[in-house]
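Asks: Shown below is the structure under consideration.
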């Protein structure tokens, strides 16, 4: 009885072709990646001391990167913290020049208390403000010594706008301002030189232009500005309403403003100048000063120094990489017969290269992991056992680990290529 042969359809031919491609791929790649990794691990178990000593350079390099990054971030936070204590939301307005009239009858266009009130009403971002009058007087200290002192007439809000710290006593308040009380708040050096200590100066009196003033408190700046602000070592603060009687004018030297949101400082400072310009002559010039640009510059400098220090510490990683390459070259030389046997048994050049490259990456990455843990141990311990909050950046960890892996790849490529290019016949003859 005749039989009919069934021809395989398209699906059967497709399956047959896929099977053939898998067989061909298997012939080209006789070992799985997991097997290559296992061989690399076995080689480390045989020579643990060599492995540990080779990875030591990467441990030191990675720990250095973490610590340098941490030190740089800590320094940056410290500097920015000091600047923020001065007042990142503070705007200082002052008269620069300009006015009207000829040389003999020139009229300056100074700031006034009405300018402060206008800004408070029209600029919604302003939270608090204070005018400032500046005077100088000669005060007699114990021992018959007379010194020139700086006297500033300010409002009670000046304390908050300038972030002043009251050491003893109190700051004069709105009632003192309204009733024109002859109250004074003095700096710490003034109180100590005049009365011996801060506490002893409270409720003591001294004279300014023959008028007795009572010390109600002592103060200092949040950050030592080393004489670069309007406050000197021996400064006396008195209510603005009292100070204007000494000057005999409503003119104001400077006006300080506190902005609600530090992000709005630059925009608010422009609005403040616009409001004041609208109230004065067109030729008059008024300038605002903020700490925003200073903060930005300080942050850039700190970031630049951190990057530079990290790059310097990365040299240690490069030195560790050279050590890895030297050891791997020595390892290839000591395992020439092993390489020949593996090639004779069917191992491809790709597998040989991959094995030695993985060994180099393992050495580098394991050293990077241990170094990263050691580098993190110090800042983490400080955060746990002390009150200091040392910044820990995830980017430092990423940089250390990525760099360690890259070093293993870069410095492990040469030994791996040399092993892969060896002739199996010559390798088997090697003694």
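The values are calculated or read from the model by the stated rules, or taken from the named source; none is laboratory data. This one's a predicted model, so the numbers in the text were calculated from it and none came from an experiment. As a convention, Cβ positions derive from the backbone with ideal geometry for all residues, glycine included, and neighbour counts pool all protein chains shown.
Asks: Pull out all pairs, ordered by first then second residue, where Cβ-Cβ is under 6 Å, the residues are six or more apart or on different chains, the first lies in region 380-396 and is free of Cβ contacts under 8 Å to residues at least 40 places away in the same chain and assigned by TED's automatic domain parsing to the domain that holds residue 74, and the second is surrounded by 13 or more Cβ atoms within 10 Å (Cβ to Cβ) and assigned to a helix (DSSP H, G or I).
Replies: Going by the 6 Å Cβ cut-off, the qualifying pairs are 388/382.
Asks: Report those helices (runs of 4 or more DSSP H) wholly inside region 161-239 carrying at least 2 residues which are touching a residue at least 40 places away in the same chain (Cβ under 8 Å). Can you show your working first?
Replies: Details: elements: 174-178, 188-195, 198-201.
By residue number, 174-178, 188-195.
Asks: Output yes when any residue across region 145-152 is under 37 Å from the mean Cα position of the chain (by Cα) and surrounded by 13 or more Cβ atoms within 10 Å (Cβ to Cβ), and no when none is. Spell out the reasoning first.
Replies: Taking region 145-152 as the starting set, the residues that turn out to be under 37 Å from the mean Cα position of the chain (by Cα) are 150, 152.
Of the ones still in play, those that are also surrounded by 13 or more Cβ atoms within 10 Å (Cβ to Cβ) are 150, 152.
The answer is yes, given that some residue of region 145-152 is under 37 Å from the mean Cα position of the chain (by Cα) and surrounded by 13 or more Cβ atoms within 10 Å (Cβ to Cβ).
Asks: All but one of (1) surrounded by fewer than 18 Cβ atoms within 10 Å (Cβ to Cβ); (2) in a helix (DSSP H, G or I); (3) modelled with pLDDT of 90 or more hold for residue 245; state the number of the condition that does not hold.
Replies: The one condition residue 245 does not meet is (3).
Yes/no per residue for (1) touching a helix residue (DSSP H, G or I) at 6+ places or on another chain (Cβ under 9 Å); (2) in the same structural domain as residue 420 (by TED's automatic domain parsing); (3) modelled with pLDDT of 80 or more; (4) outside any helix (DSSP H, G or I):
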site	(1), (2), (3), (4)
304	no, yes, yes, no
312	yes, yes, no, no
315	yes, yes, no, no
327	yes, yes, yes, no
338	yes, yes, no, no
353	yes, yes, yes, no
360	yes, yes, yes, no
367	yes, yes, yes, no
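Asks: Restricted to region 261-270, and to residues that are within 24 Å of residue 231 (Cβ to Cβ) and touching a helix residue (DSSP H, G or I) at 6+ places or on another chain (Cβ under 9 Å), which residue is surrounded by the fewest Cβ atoms within 10 Å (Cβ to Cβ)?
Replies: First, pick out the residues of region 261-270 that are within 24 Å of residue 231 (Cβ to Cβ): 262, 265, 268-269.
Next cut, touching a helix residue (DSSP H, G or I) at 6+ places or on another chain (Cβ under 9 Å) only: 262, 265, 269.
Working: 262: 16, 265: 24, 269: 23.
Looking at residues that are within 24 Å of residue 231 (Cβ to Cβ) and touching a helix residue (DSSP H, G or I) at 6+ places or on another chain (Cβ under 9 Å), I get 262.
Asks: Mind checking which residues of region 103-119 are at pLDDT 75 or above, over 40 Å from the mean Cα position of the chain (by Cα) and surrounded by fewer than 16 Cβ atoms within 10 Å (Cβ to Cβ)?
Replies: Once the filter is applied, which keeps residues that are at pLDDT 75 or above, over 40 Å from the mean Cα position of the chain (by Cα) and surrounded by fewer than 16 Cβ atoms within 10 Å (Cβ to Cβ), region 103-119 yields 108, 114.
Asks: Among the candidates 408, 375, which residue alone is closer than 16 Å to residue 63 by Cα, touching a residue at least 40 places away in the same chain (Cβ under 8 Å), in a helix (DSSP H, G or I) and under 42 Å from the mean Cα position of the chain (by Cα)? Reasoning before the result, please.
Replies: Working: 408 fails: closer than 16 Å to residue 63 by Cα.
Going through 408, 375 in turn, the sole match is 375.
Asks: Moving on. Can you tell me which of 371, 346 is surrounded by fewer than 17 Cβ atoms within 10 Å (Cβ to Cβ) and in the same structural domain as residue 321 (by TED's automatic domain parsing)?
Replies: On the way: 371 fails: surrounded by fewer than 17 Cβ atoms within 10 Å (Cβ to Cβ).
Within the list 371, 346, the selection yields 346.
Asks: Have a look at 205, 218, 179, 168 and point out the one that is modelled with pLDDT of 90 or more, assigned by TED's automatic domain parsing to the domain that holds residue 246, loosely packed, with under 13 Cβ neighbours inside 10 Å and touching a helix residue (DSSP H, G or I) at 6+ places or on another chain (Cβ under 9 Å).
Replies: 179
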